[in-house]
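Structure record follows, encoded as structure tokens.
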Amino acid sequence: MSVEVERATVSCGVCGARVSELRRGRCWGCYSQWVEQRPVGRGASCAVCQEKRREHLRLVELHNRSVPLCHVCAARTQKLGEVPASLDQLRKTLRRNRREEDRRGEGLDRRIFPRERRVGERRGTPRAARAGDTDPAIFLPELDDLVIEIEEGDIEEIEQTQVKAHPIR
């Protein structure tokens, strides 16, 4: 014999559904839709990684404040067990440790041909600029001078495919 326990329910202010908890007067479904529809302001950037493309930004509610975060930072923040109280602490929590310092310790280098991989500029300049050429015309040809003239003899007649009725035998 099972005993059914009645739970206290409240009505959603938008759809009227009876739920056990509300978020900003809405059930979780209506709240999720409301969050997705909120626009991010012009000139906004992710509070963690400084991403500025608006299609990647959304407003996330952190400690009763709306903060613009990119999709990746928002997802990582939502997976945290406890969200840090300040944005500086959140940045430190979400920062990728491999960019902060060299992770390789003083241990043995087990590669067959050991060499330093982090030498020089990782993203170089285009090849033509490396050769010492500074003229921007090298990179893009001028197409204004290009003229294609077609004469009557250059045009060849192309036989087109046609659909014909099958002859009756």
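Any read-out appearing in this document is the output of simple, stated calculations on the displayed coordinates, not a laboratory observation. No experiment lies behind these values; they were computed from the predicted model shown. Quick reminder, even Gly has a Cβ in these numbers, built from the backbone with ideal geometry, and neighbours come from all protein chains shown.
Structural remarks
- Take every Cα pair under 8 Å whose residues are at least 6 apart in sequence, average their separation, divide by the length of the stretch 20-87, and the relative contact order is 23 percent.
- Local net charge near residue 35, Cβ-Cβ under 10 Å (Lys/Arg +1, Asp/Glu -1): +3
- Relative packing of peptides 106-115, 75-84, 53-62 - highest average C-beta neighbours within 10 Å first: 53-62, 75-84, 106-115
- Residue-count net charge about residue 47 - beta-carbon cut-off 11 Å; Lys, Arg +1, Asp, Glu -1: 0
- Label-reachable residues, the stretch 8-49, where backbone N falls under 20 Å from a point 7 Å from residue 91's Cα toward its Cβ: 41, 43-49
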